[in-house]
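The values are calculated or read from the model by the stated rules, or taken from the named source; none is laboratory data. This one's a predicted model, so the numbers in the text were calculated from it and none came from an experiment. In this analysis, Cβ positions are derived from the backbone assuming ideal geometry, glycine residues included, and neighbour counts consider all displayed protein chains. Accessible surface is based on the protein model in full, side chains and every heavy atom, while ligands, DNA and RNA are left aside. Shrake-Rupley method; radii C 1.70, N 1.55, O 1.52, S 1.80 Å.
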Amino acid sequence: MPWTSTAFPPGYGDFVLQSSDGQNFYFPRSILNRMSGFFRNLDATGTEEKPFRLLEGSFVLFYLLKHMDPQKSNSITRGSCGVDVIRAGAKYQIEIILQRFQNGVDKGGQGARASVMRNNPAELLQVALDYNVGGIGRRAIEELTSRSAADLNKLKKKIPST
């Protein structure tokens, strides 16, 4: 049974997106079209009767929309640029997410985005390869090549075998 986002409730937008775990998000189609290359080029409807279903869960979808929404984007929290959000941002061509992540990493230091790169360089390299995101890929390679052999062995355990 679908349930509704309290952050993006009915009336907030004219397009209904549904997460993989059944949460409905009401979001302005005009913002989706402006902020996402994927939605800009998509001829689809998302209505209450037939929401546009995504493969991502409600946590990821919440942060994707929050990054795109000019009314909510200044309240983005530490968890808003995890690997899954970055992967979805690349998949749906949401440039603002990739820019914010890259800017946070480029500043270096101890910030949350730099921490995501330090802790997940292999996964981020895969995102870069899958979605042709060169800046993130270059930073992931830099991070990986700066590691010791012992650190790389620890990272290897995180990479799924095929």
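In region 59-73, of all residues being open to solvent by less than 20 Å² (accessible area, probe 1.4 Å) and not acidic (D, E), the one that is nearest to D14 (Cα to Cα) corresponds to L65.
Conditions tested, residue by residue: (1) modelled with pLDDT under 90; (2) part of a helix (DSSP H, G or I); (3) closer than 17 Å to S36 by Cβ.
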{"position": "A90", "(1), (2), (3)": "no, yes, yes"}
{"position": "I97", "(1), (2), (3)": "yes, yes, yes"}
{"position": "S115", "(1), (2), (3)": "yes, yes, no"}
{"position": "A122", "(1), (2), (3)": "yes, yes, no"}
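If you go through region 1-18 and keep only what is in contact with a Gly (Cβ under 8 Å, 6 or more places away or on another chain) and either open to solvent by 60 Å² or more (accessible area, probe 1.4 Å) or free of Cβ contacts under 8 Å to residues at least 12 places away in the same chain (or both), you end up with M1, P2, W3. The one condition from (1) touching a Gly at 6+ places or on another chain (Cβ under 8 Å); (2) at pLDDT below 85 that L129 does not meet is (2). Of the residues making up region 19-43, those that are open to solvent by 30 Å² or more (accessible area, probe 1.4 Å) and either under 15 Å from T4 (Cβ atoms) or outside any helix (DSSP H, G or I) (or both) are S20, D21, N41, L42, D43. When region 128-151 is filtered for residues that are within 13 Å of Q102 (Cα to Cα) and assigned to a helix (DSSP H, G or I), the ones remaining, listed by number, are A128, G134, G135, I136, G137, R138, R139, A140.
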